[in-house]
């Protein structure tokens, strides 16, 4: 605690040191952003994910990093914790009220981030969603921000929301289904 108060006192008296600290913060942001983009791109290539999904996740992480960088710069320039917390709580209140009406959109976006990092299925895999009401079986054609597109064997497309695919059990079909038929003699 003593180091941070001494550091803040030193920076608050010198405009040069403030500017240097802001430039250092921006440099760390840029380097960190490049590093995280590289890690996400490698993860996307390793898991054979679509380019759109990789760009979407990179955009979300950049927004978070910008948010963090602006907060740190605000603290370095002398805005107090109270000022920043008041500003952030106001933004979160407005965004929260706006997204409360669109809860399913927010949950689908969250589910798409979870699917990006933890979904064991890829585009081209044959799956069956174990749902007692519907027969959802086919090949994954695309995994988007809000939904998964599944092509059924009869050629029809199923557009299945990301939140539901995380809530249901999904079976990966490794081998083609063998239908048994009973032959009758004529």
Self-check item: Residue list for the stretch 112-140, restricted to those being on the phi < 0 side of the Ramachandran plot, surrounded by fewer than 13 Cβ atoms within 10 Å (Cβ to Cβ) and either assigned to a loop (DSSP other than H, G, I, E, B) or touching a residue at least 60 places away in the same chain (Cβ under 8 Å) (or both)
Solution: 117, 120, 132, 133, 134
Quiz item: Looking at the stretch 21-28, is at least one residue closer than 22 Å to residue 111 by Cβ, surrounded by 17 or more Cβ atoms within 10 Å (Cβ to Cβ) and modelled with pLDDT under 90?
Solution: no
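Listed here are the residues, each with its yes/no results for (1) at pLDDT below 85; (2) in the same structural domain as residue 143 (by TED's automatic domain parsing); (3) part of a helix (DSSP H, G or I); (4) surrounded by 12 or more Cβ atoms within 10 Å (Cβ to Cβ).
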residue: 42; (1), (2), (3), (4): no, no, yes, no
residue: 45; (1), (2), (3), (4): yes, no, yes, no
residue: 53; (1), (2), (3), (4): yes, no, yes, yes
residue: 72; (1), (2), (3), (4): yes, no, yes, yes
residue: 82; (1), (2), (3), (4): yes, no, yes, no
residue: 96; (1), (2), (3), (4): yes, no, yes, no
residue: 110; (1), (2), (3), (4): yes, no, yes, yes
Quiz item: Just checking, how many residues over the stretch 144-160 are touching a residue at least 12 places away in the same chain (Cβ under 8 Å) and in contact with a strand residue (DSSP E or B) (Cβ under 8 Å, 6 or more places away or on another chain)?
Solution: 11
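The values are calculated or read from the model by the stated rules, or taken from the named source; none is laboratory data. Quantities reported herein were computed from a predicted structural model and do not represent experimental measurements. Positions of Cβ are generated from backbone atoms using ideal geometry, with glycine treated the same way; all protein chains shown enter the neighbour counts.
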